[in-house]
Amino acid sequence: MPSKVQAYVYDISQGMVARMSMPLIGKQVDIIPHTGIVAFGKEYFFGAGPCIGVPGQTVPCPTCQILDLGETGKTSEELEAYIQAHLASEYTQETYNLLHKNCNHYADAVAKFLLDGTGLPTSITNIAEEALSTPKGQSIRVMIESMERNMRSSMGGGGGGMNPFGQQSGQSGAQVPPPGASDPPNHDLEAALTEMSTAAAMEDRRTALQTLLKITENVEKNPSESKYRSIKMANAVFTKKIGSCVGAVEAMVAAGWMPDTTPEGEDVWLLGDDAIRCQLAYRNRFAAELAKLPAAPAAAVPRPAAVEPAPAPGGFPGMPGGMPGGMPGGMPGGLPPGGLNSPMMQQMMQNPAMMQQAQQMMQGNPNMMAQAQQIMQDPNMMAQVQQMMQNPQAMAQMQQMMGGMGRGGGL
């Protein structure tokens with residue numbers, strides 16, 4: 001539901017400037033304004049820093065004007081998160097300047113955030129420039145700037161200078177607290193993080209913490225952007241990163257994300273308004289857990305595929321230089337000791353024609369190759385082959401058979 005945004009304007013001269021401006025600067029000035037922005041039942045103003053107070057009771061003088069600036073769809077949590085993330089570092093006691101960066105400029109920045117760029121009337125934000133634009137006003141400007149420098153110098157270079165409400169805080173206006181500063185410990189989050197550290201695999205935990213850190217950081221840095229506060233459950237990559245880690249879903253819920261359904265019927269994770277101001281604290285907590293993990297393992301470098309050596313000229317499948325994994329340097333199992341040393345085997349190996357025929361026969365007949373490998377893996381069969389190779393008559397018959405195959409006899 002939209003909330004009304006108003007500017008509460010106070011005359012810190014309490015009527016004096018209206019009576020004395022003409023003789024002092026030669027120009028009529030009705031008020032010296034101090035402005036606070038009222039929304040969500042609170043008044044946001046600059047005192048000892050960004051402050052919050054009861055509307056109309058933040059400074060020790062009554063309002064002289066109440067301006068209706070418009071309506072906002074933002075929430076108080078979004079505004080206060082924005083103040084802490086951006087305005088608190090820009091508007092400080094040290095950066096305060098009575099003429100160029102005062103309480104009215106701060107109120108203007110607050111209004112522009114709530115109303116998407118619509119701020120205070122220029123009659124308020126430019127009051128110093130307008131009032132001191134006359135020749136007499138220029139002399140007063142120099143005097144004001146000199147007084148402010150002297151006051152800061154006497155305070156060691158700090159302090160609020162000529163800030164009329166530089167001490168304003170406490171009962172009449174509490175400073176905007178950092179997100180999560182006053183929140184009680186989140187026991188559900190701590191329980192979920194403990195479960196992750198004790199039950200989840202290391203890399204699953206790392207991936208889940210990195211994901212939680214990222215979504216929390218997005219909200220903390222962009223509190224008014226609704227796209228960072230809704231995550232589709234159909235997002236398979238996100239679901240895998242969180243769902244595969246024990247305790248990660250519980251940590252997400254503890255950080256304020258709840259399952260919901262959009263008006264279009266789409267299931268989403270949605271971050272509630274009341275959880276926005278806590279995201280900085282949660283982000284820091286996730287970062288601390290992530291920092292406890294050891295460095296991620298280096299990616300494995302794939303091993304290059306083995307390159308089989310080319311057969312030596314005249315080699316025989318299964319003999320040295322022949323088929324990988326066979327006989328010594330060839331088929332699996334190899335020949336029994338002494339097989340290659342038989343006179344007949346030596347004669348075969350020294351006969352190029354016979355070796356070529358044998359090679360062609362083996363390469364052209366896969367079944368024969370498979371049978372040869374099976375024989376060489378059977379100790380009993382290998383013993384019979386060895387006996388045959390030591391029998392001159394059997395070897396002569398084998399030589400004749402191979403010769404016939406080489407002439408086209410085949411099997």
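Taking residues in region 24-37 that are at negative phi, and partners anywhere that are aromatic (Phe, Trp, Tyr), the pairs with Cβ atoms closer than 6 Å and at least 6 places apart or on different chains are His34/Tyr10; Gly36/Tyr8; Gly36/Phe45; Ile37/Tyr44. As for region 60-72, it holds no residue that is part of a loop (DSSP other than H, G, I, E, B), of a type in the set (S, T, N, Q), farther than 30 Å from Arg141 by Cα and touching a residue at least 24 places away in the same chain (Cβ under 8 Å).
Considering every residue within region 63-70, establish whether at least one is on the phi > 0 side of the Ramachandran plot, open to solvent by 20 Å² or more (accessible area, probe 1.4 Å), at pLDDT below 90 and of a type outside the set (Lys, Arg). First the steps, then the outcome.
In the first step, residues of region 63-70 are kept if they are on the phi > 0 side of the Ramachandran plot; the result is 70.
Now drop any that are not open to solvent by 20 Å² or more (accessible area, probe 1.4 Å), which leaves 70.
Then drop every residue that is not at pLDDT below 90, which leaves none.
No, every residue in region 63-70 fails to be on the phi > 0 side of the Ramachandran plot, open to solvent by 20 Å² or more (accessible area, probe 1.4 Å), at pLDDT below 90 and of a type outside the set (Lys, Arg).
For region 214-221, does any single residue satisfy the condition of being open to solvent by 60 Å² or more (accessible area, probe 1.4 Å) and at pLDDT below 70? No, region 214-221 contains no residue that is open to solvent by 60 Å² or more (accessible area, probe 1.4 Å) and at pLDDT below 70. Is there any pair with a first residue in region 253-276 that is over 15 Å from Arg229 (Cβ atoms) and assigned to a helix (DSSP H, G or I) and a second that is open to solvent by less than 50 Å² (accessible area, probe 1.4 Å) and of a type in the set (A, V, I, L, M) whose Cβ atoms are under 7 Å apart and which are 6 or more apart or on different chains, and what are they? Note: pairs meeting the criteria are Ala254/Leu189; Ala254/Ala192.
One residue stands out among those in region 44-59 that are assigned to a loop (DSSP other than H, G, I, E, B) and not small (Gly, Ala, Ser): the one that is surrounded by the most Cβ atoms within 10 Å (Cβ to Cβ), which is Thr58. So, Lys232, is that one surrounded by 14 or more Cβ atoms within 10 Å (Cβ to Cβ) and at pLDDT 90 or above or not? So Lys232 fails the test. Return yes or no: is Ile32 β-branched (Val, Ile, Thr) and open to solvent by 60 Å² or more (accessible area, probe 1.4 Å)? For Ile32, the condition - β-branched (Val, Ile, Thr) and open to solvent by 60 Å² or more (accessible area, probe 1.4 Å) - is met.
In region 84-134, the residue that is farthest from the chain's Cα centre (by Cα) out of those that are over 30 Å from Glu220 (Cβ atoms) and part of a helix (DSSP H, G or I) is Ala131.
Would you say Leu270 is surrounded by 13 or more Cβ atoms within 10 Å (Cβ to Cβ), in contact with an Asp or Glu (Cβ under 9 Å, 6 or more places away or on another chain) and modelled with pLDDT of 90 or more? It is true that Leu270 is surrounded by 13 or more Cβ atoms within 10 Å (Cβ to Cβ), in contact with an Asp or Glu (Cβ under 9 Å, 6 or more places away or on another chain) and modelled with pLDDT of 90 or more.
The values are calculated or read from the model by the stated rules, or taken from the named source; none is laboratory data. This one's a predicted model, so the numbers in the text were calculated from it and none came from an experiment. With ideal geometry, Cβ positions are generated from the backbone for all residues, glycine too; neighbour counts draw on all protein chains shown. Keep in mind that these areas ignore ligands, DNA and RNA; they rest on the heavy atoms of the full protein, side chains included. Shrake-Rupley method; radii C 1.70, N 1.55, O 1.52, S 1.80 Å.
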